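A.B. asks: First the structure, then my questions, so here it is.
The values are calculated or read from the model by the stated rules, or taken from the named source; none is laboratory data. These numbers were taken from a predicted model, which means no experiment stands behind them. With ideal geometry, Cβ positions are generated from the backbone for all residues, glycine too; neighbour counts draw on all protein chains shown. Note: accessible area is taken over every heavy atom of the protein model, side chains too, but ligands, DNA and RNA are not part of it. Shrake-Rupley method; radii C 1.70, N 1.55, O 1.52, S 1.80 Å.
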Amino acid sequence: MSDGAGKPPVVIVPEQTNITSGTAVQEKLINAARVFSDLLKPTFGPKGLDKMLYKSDGTTAVTNDGAKIVAELLVKHPAAKMMVSMANSQEENCGDGVTTTMLLCGSLLQEGNNLLKKGLHPLTLVEGFRKSLEIAKKQINADSIKLDDSKLLSVAETALTGKGTEGALDLFSSIIVESLTAISETQETPRAENIAMFKSNLGNIHDSRIIYGVAFRRRVLMDSLPNRLSNVRVAVISGDIKIRKMNRNAEIQITSANQLEAFVDAEQERKNHLSQSLINSGASLVLCGGEIDRDILHNLAENNILAIGELDSSEIHNSSSSTGAKIVDSIVDIGSKDLGFCDSVIWERNEASDMVEDIIRIDGCKKPGLVTIEVGGAGEIVTEEIIRGLHDGLRAVSLAMEDKEVIPGGGVIYSRIAHAVRISSESEPGRARLAMEAFSRAMETIPGTLVENSGNDALDSILELRTATRNQEKFVGIDEDGKVSVIDSAWHPQTIITESLQLACETAIGMLRIDQVISSRGD
Ligand SMILES: Nc1ncnc2c1ncn2[C@@H]1O[C@H](COP(=O)(O)OP(=O)(O)OP(=O)(O)O)[C@@H](O)[C@H]1O
Ligand SMILES: [Mg+2]
């Protein structure tokens, strides 16, 4: 820039910097954001398709899960990064509803951009969107329905839909509800983090079940160890079960055979002492985070005690949570008060497979702080997707138990919000009315996409839905087959809907308020 008096221009940014201003800014940001929501669009809803993700390290995933797809994309564009961080927030806060959030944000941006291009001031747009968001929240509260047992199962089913569990939807939804109910005895609000997953790699998905305890894979060190125990008292030890090695280098001179014998005897004596303290504690299962001495293992086996070593810290922690055992550092002073309890322990070796590890199942824990869902089926890619679906379901059901209120799915709530905002906009005197109308249209993306993905015509269905929403008290939305109908089997926890809408709205507003893009990369 020059002041015309022959002075050199004032340079505040490097030469290759590209500055974009005006409506071109939104064009730029929105195009990037739209690529994202368009990418996720076909995966949405009960008729959503899957994506195959093939990573640079050669691993493959087939998924319908918005959070997984977003997590695997190496995003560079700053606008797309805002979308990624929004998706991550939704995943962290709620575990489900990521695709909904992306679609809502994409469509709010699109609608907002159309108005900016027509000359609406960004702050008027923001004002209209904020007013609409308040109306939407009121509508969500008004449409909240009290939770009951059958709705809890529907919440699980709705979250699982499309995640590879279609063949066993009833089984998985009851597994989700039962596993959270099992830990609700020890926790006021049962959390999905207290449900562990175990891939059995056996049978098929119908063999999936709850283990009221934990399961893991380890090679059982001696075949003579008991492989079927009942009414089991459990000791959980974090360190090794062996006599301590000396830290210092010491040389012991032995001058006679008697001395050697005495030395070996003393060592054996110490091992016996350790074995005895475990035997005396009354434990018949010993779980250990470190190594187990061979001689001690023999002593335990002779007393019908099963000992499993080399467990990692999460397995030790999970075993303690489910059985109620205290994690003990030193076995010398272990007592019966430190032990936990379970009904049965079974370990099995699959002789047909070349796996060197056995499956150990600790089941029937009383008032467990943690339970495990065992997922059957041999296909790695399929079970991974089922586990992602189960996570969505667990988070959704846990939130529903906390909220104690649910919201209808199938796009019902978005159609009702669209209607409420449209009605309110009619009494809005200023230009913010345009923004409210835009918000209202953006909400209809959700039912619209559900229709599109089922192969029907979105335009006709949206008009039909608008009429039905205007005329009926009942919850009308888009059913599994993409038809406009009363929805009574798809439910979401209130938190997921509110968080998703709030997040989508704030992210869109954040982008629409940007008036210049200054790119030092020159793009
Ligand atoms: N049985 C059903 N009938 C009608 N709509 C359903 C049914 N099951 C699920 N839906 C709808 O499908 C949508 C959820 O689809 P999907 O799970 O693909 O996306 P998401 O939950 O937003 O994102 P993600 O699960 O990837 O985090 C919700 O709007 C939900 O109400
Ligand atoms: Mg979902």
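A.B. asks: Could you grab me the full set of residues in region 148-174 that are within 16 Å of ligand 1 (Cβ to nearest atom) and outside any helix (DSSP H, G or I)?
C.D. replies: T161, G162, K163, G164, T165
A.B. asks: Right, another one. Quick test for you: out of I423, I417, pick the one residue that is more than 16 Å from ligand 2 (Cβ to nearest atom), open to solvent by less than 10 Å² (accessible area, probe 1.4 Å) and not aromatic (F, W, Y).
C.D. replies: I417
A.B. asks: Tell me, which residue of region 1-45 that is in contact with a Gly (Cβ under 6 Å, 6 or more places away or on another chain) and within 16 Å of ligand 1 (Cβ to nearest atom) is modelled with the lowest pLDDT?
C.D. replies: Among residues in region 1-45 that are in contact with a Gly (Cβ under 6 Å, 6 or more places away or on another chain) and within 16 Å of ligand 1 (Cβ to nearest atom), the one modelled with the lowest pLDDT is S37.
A.B. asks: To continue, here is another question. Those residues that are of a type in the set (A, V, I, L, M, F, W, C) and open to solvent by 50 Å² or more (accessible area, probe 1.4 Å), I need them from region 54-83; list them, please.
C.D. replies: Result: A71, L73, L74, M82.
A.B. asks: Let me ask you something else. If you take just the strands (runs of 3 or more DSSP E) that sit entirely in region 267-384, which of them hold at least 1 residues that are open to solvent by 60 Å² or more (accessible area, probe 1.4 Å)?
C.D. replies: 340-348
A.B. asks: Go through (1) more than 16 Å from ligand 2 (Cβ to nearest atom); (2) open to solvent by 60 Å² or more (accessible area, probe 1.4 Å) one by one and return the number of the condition S107 breaks.
C.D. replies: It fails just one condition, (2).
A.B. asks: Now a separate question. Filtering region 166-183 down to residues that are at pLDDT below 90 and surrounded by 15 or more Cβ atoms within 10 Å (Cβ to Cβ), which residue is farthest from G377 (Cα to Cα)?
C.D. replies: Among those that are at pLDDT below 90 and surrounded by 15 or more Cβ atoms within 10 Å (Cβ to Cβ), it is L169.
A.B. asks: Also, I was wondering about something else. With respect to E134, is the statement that it is surrounded by fewer than 15 Cβ atoms within 10 Å (Cβ to Cβ), away from ligand 2 (no atom under 15 Å from the Cβ) and either modelled with pLDDT under 85 or in a helix (DSSP H, G or I) (or both) true?
C.D. replies: Answer is yes for this residue.
A.B. asks: Then there is this: Filter region 146-165 down to residues that are of a type outside the set (D, E) and more than 12 Å from ligand 2 (Cβ to nearest atom) and give me whichever is farthest from T43 (Cα to Cα).
C.D. replies: Taking the candidates together, the pick is K146.
A.B. asks: Since S85 meets every condition but one in (1) within 14 Å of ligand 1 (Cβ to nearest atom); (2) under 16 Å from the mean Cα position of the chain (by Cα), which condition does it not meet?
C.D. replies: (1) is the only condition that S85 fails.
A.B. asks: What do you reckon, is R441 open to solvent by 70 Å² or more (accessible area, probe 1.4 Å), in contact with a helix residue (DSSP H, G or I) (Cβ under 6 Å, 6 or more places away or on another chain) and modelled with pLDDT under 95?
C.D. replies: Working: open to solvent by 70 Å² or more (accessible area, probe 1.4 Å): yes; in contact with a helix residue (DSSP H, G or I) (Cβ under 6 Å, 6 or more places away or on another chain): yes; modelled with pLDDT under 95: no.
Here the answer is no, as R441 does not meet what is asked.
A.B. asks: Would you confirm whether or not region 508-521 contains a residue that is surrounded by fewer than 20 Cβ atoms within 10 Å (Cβ to Cβ), in contact with a Cys (Cβ under 9 Å, 6 or more places away or on another chain) and within 21 Å of K81 (Cα to Cα)?
C.D. replies: no
A.B. asks: Do we find that K163 is open to solvent by 40 Å² or more (accessible area, probe 1.4 Å) and either within 18 Å of the chain's Cα centre (by Cα) or modelled with pLDDT of 90 or more (or both) in this structure?
C.D. replies: no
A.B. asks: Among the residues of region 453-474, count how many are touching a residue at least 60 places away in the same chain (Cβ under 8 Å) and away from ligand 1 (no atom under 11 Å from the Cβ).
C.D. replies: Looking only at that region, the number is 1.
A.B. asks: Can I ask one more? Pairs under 6 Å by beta carbon, first residue of a type in the set (A, V, I, L, M, F, W, C) in region 83-102, partner in a loop (DSSP other than H, G, I, E, B) and more than 15 Å from ligand 2 (Cβ to nearest atom), six or more apart or different chains?
C.D. replies: Going by the 6 Å Cβ cut-off, the qualifying pairs are V84/V75.
A.B. asks: Pairs under 9 Å by beta carbon, first residue within 12 Å of L180 (Cα to Cα) and within 14 Å of ligand 1 (Cβ to nearest atom) in region 394-412, partner assigned to a helix (DSSP H, G or I) and polar (S, T, N, Q), six or more apart or different chains?
C.D. replies: So the pair list comes out as L394/S179; A396/T158; V397/S173; L399/Q494; L399/T495; A400/Q494; A400/T495.
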